[in-house]
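Structure record follows, encoded as structure tokens.
Just so it is clear, none of the values below were taken in a lab; they were calculated from the coordinates. Please read these numbers as outputs of a predicted model, since none were measured by experiment. Neighbour counts are summed over all protein chains in view; Cβ atoms, including those assigned to glycine, are modelled from backbone coordinates with ideal geometry.
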Amino acid sequence: MNNPLHILQTLDRHLTKPAEITIFGRAALALGFPNSPAAFATTHAVDAILPLSWLAAEDENMDFWQAQQKANAELEPSGLYITHLFRELEIILTPDWLTRRVRVPLELRQLTVFRPSALDLILTKMARGDANDLADIRFLLQQETVSTDQIRAAFIRARVPDVPELCELFRESQAKVLALAADQD
């Protein structure tokens, strides 16, 4: 079973009007790239990025929040959920990430799903720099051509949350990511 797809289908079923979501993490890898490893589809959560402009339109998004609560209640017995919802400033991203999103081709009734560009997904994976995240970055680099120059430029432009541990992990991960990119060249 594809857990991220099941989670999003459940959310979609509870929506009463059109909505959109930008997913990241393993769900974005499972749904946003053809031929992704089956292991990506076993994740138990869908992580999403909430743009500041979307958050500012609070009254317009009540249907989404209600649908999210209903979906989580329905999914709880199976251990699946959509609760990791991050404001865009809480994630490492380029300032123009929203304009470079990629639509994920899913046939849903009310929900339109996007994922960040491969370059922005790489940045999101640099918050921990662990072996799993580096493997995910390797996968992303195999899916799309991203040069070391583009990666270096993204490091400079990236908005990194002002959390000392996160800033340090981001700095430490840079050499590892550049080495992965050099292997793809």
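For this structure, a couple of remarks:
- Take the Cβ atoms of E168 and A131, set R0 to 22 Å, and the FRET efficiency comes out at 0.80.
- Overall shape: oblate for the stretch 43-87, with the ratio a/c of the largest to smallest alpha carbon gyration tensor axis at 1.5 or above and b/c at least equal to a/b.
- Cross-link partners for K176 among the lysines, with Cα-Cα distance under 28 Å and sequence neighbours closer than 8 places in the same chain left out: K125.
- Distance in nm between pseudo-label sites at E107 and A182 (7 Å out along the Cβ direction from Cα): 4.7 nm
- Highest-MSF residue in the chain out of A153, A48, A27 [GNM, Cα springs under 10 Å]: A153
- Derived scalar couplings ³J(HN,Hα) [the stretch 11-22; Karplus, 6.51 cos²θ - 1.76 cosθ + 1.60; whole Hz; x for Gly, Pro]: 4, 4, 5, 8, 6, 9, 8, x, 8, 9, 8, 10
- On Cα atoms only, tilt of 148-157 relative to the major axis of the chain in degrees: 70 degrees
- Build a GNM of the chain with springs between Cα atoms under 10 Å apart, and of D59, D47, D12 the one that fluctuates most is D59.
- Among residues other than P161 with Cβ under 11 Å from its Cβ, the summed charge is -2 (Lys and Arg +1, Asp and Glu -1).
- The residues neighbouring F40, those whose beta-carbon lies less than 14 Å from its own, together hold a net charge of +1 under the Lys/Arg +1, Asp/Glu -1 convention.
- Cut-off under 5 Å, modelled amide H: who pairs with T94 long-range: R159
- Global geometry of the stretch 43-185, whether rounded, prolate or oblate, following the gyration tensor of its Cα atoms and the 1.5 cut on a/c: prolate
- Against the chain, whose longest principal axis comes from its Cα atoms, helix 62-75 is set at around 90 degrees.
- The chain: angle of helix 131-143 to the longest principal axis, Cα-based, in degrees nearest 10: 90 degrees
- Once the Cα-Cα distance is subtracted from the 0.36 nm per residue extended length, the W65 to F86 segment shows a gain of 6.2 nm.
- Helix-only mean residue ellipticity at 222 nm for the chain, each DSSP H run of n ≥ 4 adding -39500 (n - 2.57), per residue, nearest 500: -14500 deg cm²/dmol
- Note on R157 and H44: the extension gain reaches 37.5 nm, defined as 0.36 nm multiplied by sequence separation minus the Cα-Cα distance.
- Förster radius 35 Å - calculated FRET efficiency between L52 and Q142 (Cβ-Cβ, nearest 0.05): 0.65
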